[in-house]
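The block underneath contains the structure these notes are about, expressed in structure tokens.
The values are calculated or read from the model by the stated rules, or taken from the named source; none is laboratory data. Keep in mind that what you see is a predicted model, and the values were worked out from it rather than measured. Positions of Cβ are backbone-derived with ideal geometry, glycine not excepted, and every protein chain shown enters the neighbour counts.
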Amino acid sequence: MDLEDGRSLAFPIGWYPSLAYGTKAERNNLQISSAGYGINWPDLDEDIGIEGLLLGLRSSESHASFERWLKDRNKVL
């Protein structure tokens with residue numbers, strides 16, 4: 001992603017498991033937060049703050065929480 005100040009950010013998709021498991025269409029459906037400091041993927045229930053990316057922080061979601069998300073996702077698909 002490109003920031004207004006000219007910097008570009010990239011991060012390994014594996015840092016955010018729900019993005020890694022999402023389809024291309026789900027990953028492409030994103031919204032910038034109203035204040036412009038974060039990104040939301042509504043189809044994947046994922047929110048990432050720009051500050052965390054700048055600090056190199058990975059998802060803080062617990063393994064148990066991700067497993068529940070994955071189980072619920074598989075029921076829908």
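Just give me the residues in region 10-36 being surrounded by 11 or more Cβ atoms within 10 Å (Cβ to Cβ), more than 19 Å from Arg73 (Cβ to Cβ) and not polar (S, T, N, Q), in sequence order.
The answer is Phe11, Ile32.
Of all the residues that make up region 41-51, how many are buried (at least 16 other Cβ atoms within 10 Å of the Cβ) and either more than 13 Å from Trp69 (Cβ to Cβ) or of a type in the set (Gly, Ala, Ser) (or both)?
Adding up the residues that qualify gives 2.
Which of the residues belonging to region 41-59 are farther than 17 Å from Tyr21 by Cβ and of a type outside the set (A, V, I, L, M)?
Gly49, Glu51, Gly52, Gly56
Within region 1-46, which residues are among the charged types (D, E, K, R) and assigned to a helix (DSSP H, G or I)?
Scanning region 1-46 gives Lys24, Glu26, Arg27.
Modelled with pLDDT under 95, of a type outside the set (Phe, Trp, Tyr) and within 11 Å of the chain's Cα centre (by Cα): which single residue out of Gly6, Gly14, Gly56 fits that description?
Gly14
Show the residue pairs meeting these rules: Cβ distance below 7 Å; 6+ apart or different chains; first residue within region 49-77 and part of a loop (DSSP other than H, G, I, E, B); second residue not polar (S, T, N, Q).
Partner pairs satisfying both residue conditions: Arg58/Trp15; Ser59/Trp15; Ser59/Tyr16; Ser59/Pro17.
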